[in-house]
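Written below as structure tokens is the structure these notes are about.
Only the coordinates and a few stated rules stand behind these numbers; no lab work does. No experiment lies behind these values; they were computed from the predicted model shown. In this analysis, Cβ positions are derived from the backbone assuming ideal geometry, glycine residues included, and neighbour counts consider all displayed protein chains.
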Amino acid sequence: LPTMKLLIVFLLIGTVSAGMQTLGVKGRVLCGDKPAKGFVRIFDKNRFPRPDTQLAHVDIDGNGNFQLVGSDSYPVFWMKPVVRIYHSCNNKIFKIEKPCWRKYESKGIPDAYISKSASVGKWLDMGSINMELKQNNEDSHCYDNLLRKFLG
């Protein structure tokens, strides 16, 4: 019976705290003085064993700009969003483009940019980011790159 009471309390807390949480992000991605090619995603960073949840995806436009909104209903805790920028800037070997994207991941998005509603409260403007230089939080991403490059 004490276990049942604990379960009921947990469910009530989850129900009271449940609701939509939203993040809006915009910026410009450059490769030197030219617009970068690639795409941007917002993920909710989860703990093992749950994989990260993709909340939004947008291609970088011809001017290097992106704007996207990611929402999630998260029952008890604040979402822990990260922005991942996938690009091909300076990603060549002997002038041949590598088959993988370069992937940059933001860290520590302040809670002030996460609204407790289905609409953006305050936009996170990442400004212009030059991806010519290797970033600290950078990795390679090959999972869906070949399909995107060859199938559009």
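Here are some notes:
- Taken along the Cα-to-beta-carbon direction at a fixed 7 Å, the label points for Asp33 and Lys107 span 3.3 nm.
- With R₀ set to 30 Å, the beta-carbon distance separating Ser73 from Asn137 gives a calculated FRET efficiency near 0.65.
- Among the listed pairs Lys45/Lys134; Lys37/Lys107; Lys45/Lys116; Lys34/Lys134; Lys37/Lys122; Lys45/Lys107, a Cα-Cα separation exceeding 20 Å is found for Lys45/Lys134; Lys37/Lys107; Lys37/Lys122.
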